[in-house]
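The values are calculated or read from the model by the stated rules, or taken from the named source; none is laboratory data. Quick caveat, the model's predicted, so the values are computed rather than measured. In this analysis, Cβ positions are derived from the backbone assuming ideal geometry, glycine residues included, and neighbour counts consider all displayed protein chains. Side chains included, ligands, DNA and RNA excluded: accessible areas come from the protein's heavy atoms. Shrake-Rupley method; radii C 1.70, N 1.55, O 1.52, S 1.80 Å.
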Amino acid sequence: QVQLVESGGGLVQAGGSLRLSCAASARIFSIPVMGWYRQAPGKQRALVARILGGGGTYYADSVKGRFTISRDNDKNTVYLQMNSLKPEDTGDYYCEATVAGIEYWGKGTLVTVSS
């Protein structure tokens, strides 16, 4: 079982930056897929960015060029650097890890971007 704890959310003005962290209870070098999801108010949870064990990444079109996902295997932590934030980036951000076909989720961290 993998436990995930997100941190780094907060209130920021449009155009600002935040860095989210996801600390895992397991050695993440053995986790093939980890990702960040966002749930905006009144909407379904949606994939924002994903990173593979080999370092490959995927980004939703809405965040390409603004967000960067990375992983530090030594710290068992995945990061999401968010730049040029927009009000539409507001939402709860969740970290996810897929291990042997099982999805594990953190409890989320709230990001609010004011206009």
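Going by the conditions given, is Arg45 open to solvent by 60 Å² or more (accessible area, probe 1.4 Å), at negative phi and of a type in the set (Lys, Arg)? When the stated conditions are applied, Arg45 passes them. Against the conditions (1) over 15 Å from Gln39 (Cα atoms); (2) in contact (Cβ under 8 Å) with a residue 40 or more places away in the chain, Ser70 satisfies every one except (2).
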